[in-house]
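Please read the structure below before turning to the comments.
The values are calculated or read from the model by the stated rules, or taken from the named source; none is laboratory data. Model, not experiment: these values are computed from the prediction. With ideal geometry, Cβ positions are generated from the backbone for all residues, glycine too; neighbour counts draw on all protein chains shown.
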Amino acid sequence: MVHLTPIIILVRPQLGENIGHVARAMANCGLRKLRLVAPRDGWPNPAAQAPAAGADWILEEAEVFATAASAVADLHDVYATTARPRGMLKEVATPRHAARAIRAKEQMGRQVGVLFGAEATGLTNEEIVLAETLITIPTAANFSSLNIAQAVLLIAYEWLAAADATPNAALQLGDAVPATQREINDLMGHLATELTLSGFLRPPEKIPHMMRNIRNIFLRMNLTDQDVRTLRGMIKSLALYGRSAGKPRV
């Protein structure tokens, strides 16, 4: 079985030095895979070299993506770090709780990614929507500021420390495999099309919020690829029945 480790995803990182510090923190805890979304100063960035303190392989193998959505498309589960409430119906976990859950998911063959926002602005709501679980790091009330490398190190360390706490039980999937974010996105697109045609998604200004809520429902289910195929078949069948029965399409 392939030994899985969380993929660290930095969204719009601003300084090469910070990316280097993140690589060092990852190496300290045995993490290997780094993804960068639209790094401000481009990539590769020589400024990352010295702060990485020898974790060159992480910098050399780092992958660059244009958007957070594309960076998580092939993953099965996504966590997002945030320092403030977002008003979304999502599980919120501490690094320790999240690390244990990530270990359990990896035992089931699920590839997990963790999103970290830009140093100054964090993640947008649209990027937060990509995750099924939010991670918040407890800090002193009078000084809560963490730099990005500190945040990565705290979560990576908890993942490393959780190795002995991982439960041995695992969900038996049979021939199915966990659904990727791309497959879930395609399901959401299919569902949005049919719900729009049926008149369920209205008024127009509420559609983004409604679809976020629907997406969150499915993200909590840990869907397999077979689940997605079954759901899409059900949606198609219901849509065809509605058309054949002459139901109004709003």
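Condition test on ALA38, is it under 22 Å from GLU126 (Cβ atoms) and either modelled with pLDDT under 95 or touching a Phe, Trp or Tyr at 6+ places or on another chain (Cβ under 9 Å) (or both)?
Numbers: under 22 Å from GLU126 (Cβ atoms): yes; either modelled with pLDDT under 95 or touching a Phe, Trp or Tyr at 6+ places or on another chain (Cβ under 9 Å) (or both): yes.
Criteria met by ALA38.
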Within the range 131-150, take every residue that is assigned to a loop (DSSP other than H, G, I, E, B) and touching a Lys or Arg at 6+ places or on another chain (Cβ under 9 Å) and give me the one that is farthest from VAL92 (Cα to Cα). ALA131
State which residue is nearest to the chain's Cα centre (by Cα) when the search covers only the range 177-200 and only residues that are surrounded by 16 or more Cβ atoms within 10 Å (Cβ to Cβ) and in a loop (DSSP other than H, G, I, E, B). THR180
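Give the residues of the range 211-228 that are of a type in the set (Lys, Arg) and touching a helix residue (DSSP H, G or I) at 6+ places or on another chain (Cβ under 8 Å), sorted by residue number. Working first, answer last.
From the range 211-228, those of a type in the set (Lys, Arg) are 212, 215, 220; that's our starting set.
Of everything in the range 211-228, just one residue is of a type in the set (Lys, Arg) and touching a helix residue (DSSP H, G or I) at 6+ places or on another chain (Cβ under 8 Å), namely ARG215.
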GLY122 passes all but one of (1) in contact (Cβ under 8 Å) with a residue 40 or more places away in the chain; (2) under 15 Å from the mean Cα position of the chain (by Cα); (3) at negative phi; which number fails? (3)
Pairs, first closer than 18 Å to THR224 by Cα in the range 63-89, second surrounded by fewer than 13 Cβ atoms within 10 Å (Cβ to Cβ) and of a type in the set (A, V, I, L, M), C-beta under 7 Å, six or more apart: none
Can you confirm whether THR133 is buried (at least 18 other Cβ atoms within 10 Å of the Cβ), touching a Leu at 6+ places or on another chain (Cβ under 6 Å) and not aliphatic (A, V, I, L, M)? no
